[in-house]
Amino acid sequence: MINKILNNLLRLIILVVSSFSLMSFTVVIDAGHGGDDFGAIGQQGVKEKDLNLTVATQLAARINQKYPEVKVVLTRDADVFLPLQKRADIANKNQANLFISIHTNAAENRKACGAETFILGTDRMEDNLDVAMRENAVMKLEQDQTVYQGFDPNSIESYIIFELMQNQYMDKSLQFAELVQGQFVGKLNRANRGVRQAAFWVLLKSACPSVLVEMGFVSNAEEEQWLASTEGKTGIVNGIFDAFEKFYTK
């Protein structure tokens, strides 16, 4: 009789522990660039690193406020330089369930505008290679190059390795990316550059569903002004939060 009670109690404890484990959720929010790495700089002097940090920290606050049970980790919460590999390491160390890297775009064509959300992949790699090269180029600012195992962000040949690697988180990454892009287009009325695939190092090395968000182009004077405005940044934060809420509650 006692053994039966103990067995039932043990099963109950296991069930409770398992339930708490299933309920746990960690999201890592990565503000791209920082410190000496300014990222893209707009015609009016707006710096990508500052936009990224503002949106990332405000997004973290929104999630913490609405869902206190979610563990929210920022890769950086100040204007500091952070290596690409370190950003992915933070996601993996915290066993992230979702990795969101926040970025701002730029192009030689000053008319280029709109938002796009990337997942890891090589589909239409040539079309997206310029963006991947620009975002990966921060590697060259780092003192320790050994962590990148000979990867050269400026060499097309280096990107071939991505074709040999499978992303087991592709479906979930795509699901979240589509939710984010839907907010930019439907709620914020931004030009739709779509959900795209590219060979970003932080996406490759993060062992969880991962996206890289390009919020808009600071090289476009009109979009730069919107991105720097309170209305623009608040709208972006709310949009990504709504996408997160749908992804998390689903």
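The values are calculated or read from the model by the stated rules, or taken from the named source; none is laboratory data. Note that the structure is a prediction, hence the values are computed from the model and not measured. As a convention, Cβ positions derive from the backbone with ideal geometry for all residues, glycine included, and neighbour counts pool all protein chains shown. Heads up: the accessible areas ignore ligands, DNA and RNA and are worked out on the full protein's heavy atoms, side chains in. Shrake-Rupley method; radii C 1.70, N 1.55, O 1.52, S 1.80 Å.
Collect the residues in segment 1-35 that are charged (D, E, K, R) and modelled with pLDDT under 95, keeping them in residue-number order.
As a first pass, look at segment 1-35 and keep what is charged (D, E, K, R): 4, 11, 30.
If the condition is that a residue be charged (D, E, K, R) and modelled with pLDDT under 95, then 4, 11 are the ones that fit.
Which condition number does residue 237 fail, the rest of (1) of a type in the set (A, V, I, L, M); (2) closer than 22 Å to residue 136 by Cα; (3) in contact with a helix residue (DSSP H, G or I) (Cβ under 6 Å, 6 or more places away or on another chain) being met?
Only one criterion in (1) of a type in the set (A, V, I, L, M); (2) closer than 22 Å to residue 136 by Cα; (3) in contact with a helix residue (DSSP H, G or I) (Cβ under 6 Å, 6 or more places away or on another chain) is unmet by residue 237, namely (2).
Output yes when any residue across segment 53-62 is touching a Gly at 6+ places or on another chain (Cβ under 6 Å) and open to solvent by less than 40 Å² (accessible area, probe 1.4 Å), and no when none is.
no
State whether the residues of segment 67-80 include one that is farther than 26 Å from residue 175 by Cβ and of a type in the set (Ser, Thr, Tyr).
Looking for residues that are farther than 26 Å from residue 175 by Cβ and of a type in the set (Ser, Thr, Tyr), one finds none in segment 67-80, hence no.
Does segment 187-194 include one or more residues that are more than 21 Å from residue 50 (Cα to Cα), open to solvent by 10 Å² or more (accessible area, probe 1.4 Å) and in a helix (DSSP H, G or I)?
For segment 187-194, residues more than 21 Å from residue 50 (Cα to Cα), open to solvent by 10 Å² or more (accessible area, probe 1.4 Å) and in a helix (DSSP H, G or I): present.
Can you pull out every residue in segment 200-232 that is open to solvent by less than 50 Å² (accessible area, probe 1.4 Å), over 16 Å from residue 174 (Cβ atoms) and at pLDDT below 95?
201, 202
Looking at segment 39-48, can you tell me whether even one residue there is buried (at least 17 other Cβ atoms within 10 Å of the Cβ), farther than 26 Å from residue 223 by Cβ and modelled with pLDDT of 95 or more?
There is no residue in segment 39-48 that is buried (at least 17 other Cβ atoms within 10 Å of the Cβ), farther than 26 Å from residue 223 by Cβ and modelled with pLDDT of 95 or more.
Within segment 87-108, track down each residue that is surrounded by 18 or more Cβ atoms within 10 Å (Cβ to Cβ) and over 28 Å from residue 246 (Cβ atoms).
Result: 106, single match.
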